[in-house]
Amino acid sequence: MKRVAILGSTGSIGRQTLEVISWHRDKFKVALLAASSNVELLARQAESFGPQKAVILEEDKAPFLASSVGDKAEIGVGLRGLEEAVASVEMDLMVAAMVGIGSLPAVLAALKAGKTVALANKELLVTAGPLVTRTARMGGATLLPVDSEHSAIFQCLEGRNLQEVDRIILTASGGPFRHLSWEEMARVTPEEALRHPTWEMGPKVTVDSATLMNKGLEVIEARHLFDVPYERIEVVIHPQSLVHGLVRFVDGSLLAHLGPADMRLPIQYALSWPERWSSPVRPLDLTAVGMLEFYPPDLQRFPCLDLALRAGRAGGTYPAVLTAADEVGVEYFLKKLLPITHIPLLVERVLEEHQPLPGNTLDEILAAYSWGKKRAEEIVQILIRR
Ligand code: MG
């Protein structure tokens, strides 16, 4: 039995992880569940999966959790409680799916202890890529991708020699606005942005998919996860979202990974790895698909992709600031206070003002991230008043 900890169990990935676990109940023991704020769902999950420990980050919600879970699970509170839980609960695999970078110390602690970590939260690798991969290496820990594109590429690379790899190719659906002009995009609503054409995901990543920021973050993620330089990573728009990733080898051969656009597949592969198990997900019917399209991304209409690539190449604390500013932009867009087209303007302005540091330590990264948040908040206030 694999003992699993899920950080972010009430979010989209966390819920689907528990669904996959419920398909294979005999193979898993849920050891730890942690959520930021959705305490009702966390309590229900604790009820049905019986973890040793349940952690809620928002402290005022702890009494509710304690009263509903009773003595069936130990209760932890706040980020401190999460770190304590990760140190004390016996686990074989951690699924890191909490939004934001609050869980970074807990994930680093798991890597230091040599645990296998399935990374669903791309912010961790984007903001702290070198630190995360170095900690994993030193701890003898394994990092497994959950993001569909990275899972695809991971599967194409399995058993291969990195020297033989010429290009890593990430596909992007292009989001719901891929046909809109800049002017049309300036008028889109959060409701329209949240209607993703092919994937069902949480609100932050869905908006990031509509601006292509998500793909930029994924390039940075791929750079660290696969240790491949930026010059060898490419993005291709592929509206059908059926080819999830490709690897081109030095002889010109391409290996592609195809499958239905269903996050439960990459989640299950991270849980079952190095094995592959059967699943109830309906397989892809190629003859029903008919056509697959590929075209280059338009960096003019989707400047967020370009900003992310530039921040990634600049390195240091730039990606942490990029992440922070984007989070603020997406938050205000979802509150209908900022047009979606202002997100890249905001991110660019914050990046320009940033005084970068090497970003080799957790403190440097967290400081850059909170500076980015604070500065983005200030600039948003100016943009709103204009
Ligand atoms: Mg993805």
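The values are calculated or read from the model by the stated rules, or taken from the named source; none is laboratory data. As the structure is a computational prediction, the values presented were derived from the model and not from experiment. Neighbour counts are summed over all protein chains in view; Cβ atoms, including those assigned to glycine, are modelled from backbone coordinates with ideal geometry. Side chains are part of the model used for accessible areas, which takes the heavy atoms of the whole protein and leaves out ligands, DNA and RNA. Shrake-Rupley method; radii C 1.70, N 1.55, O 1.52, S 1.80 Å.
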| task | For G290, work out the one condition from (1) closer than 19 Å to L366 by Cα; (2) modelled with pLDDT under 95 it doesn't fulfil. | result | (1)
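Give the residues of region 79-116 that are under 21 Å from R44 (Cβ atoms) and outside any strand (DSSP E or B), sorted by residue number. Don't jump to the end; show me each part of the working.
Taking region 79-116 and keeping what is under 21 Å from R44 (Cβ atoms), we get 81-82, 85, 89, 95, 97-99.
Result: G81, L82, A85, V89, A97, M98, V99.
For (1) open to solvent by 10 Å² or more (accessible area, probe 1.4 Å); (2) closer than 17 Å to E327 by Cα, each residue gets a yes or a no:
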site	(1), (2)
E90	yes, no
G102	yes, yes
L108	yes, no
G114	yes, no
T127	no, yes
P130	yes, no
A136	no, no
| Assuming P260 fulfils every condition listed in (1) of a type outside the set (F, W, Y); (2) away from the ligand (no atom under 14 Å from the Cβ); (3) more than 14 Å from the chain's Cα centre (by Cα); (4) within 24 Å of R313 (Cα to Cα) apart from one, which condition is it? | (4)
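Taking the residues in region 181-232 that are part of a loop (DSSP other than H, G, I, E, B) and of a type in the set (V, I, T) as candidates, determine which candidate is farthest from the ligand (Cβ to nearest atom). Don't jump to the end; show me each part of the working.
Initial filter on region 181-232 (part of a loop (DSSP other than H, G, I, E, B)): 181, 186-189, 194-202, 212, 227-229.
From what's left, of a type in the set (V, I, T): 188-189, 198, 228.
Details: V188: 21, T189: 23, T198: 11, V228: 17 Å.
Filtering first and then ranking leaves T189.
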| message | Quick check on region 238-252. Is at least one of its residues among the β-branched types (V, I, T) and either within 15 Å of the ligand (Cβ to nearest atom) or touching a Lys or Arg at 6+ places or on another chain (Cβ under 8 Å) (or both)? | response | yes
| Residues (open to solvent by 40 Å² or more (accessible area, probe 1.4 Å) and part of a helix (DSSP H, G or I)) located in region 54-78 | E59, D60, K61, P63, F64, A66, S67, S68
| Of all residues in region 288-305, how many are crowded, with 18+ Cβ neighbours inside 10 Å and either assigned to a helix (DSSP H, G or I) or free of Cβ contacts under 8 Å to residues at least 40 places away in the same chain (or both)? | 3
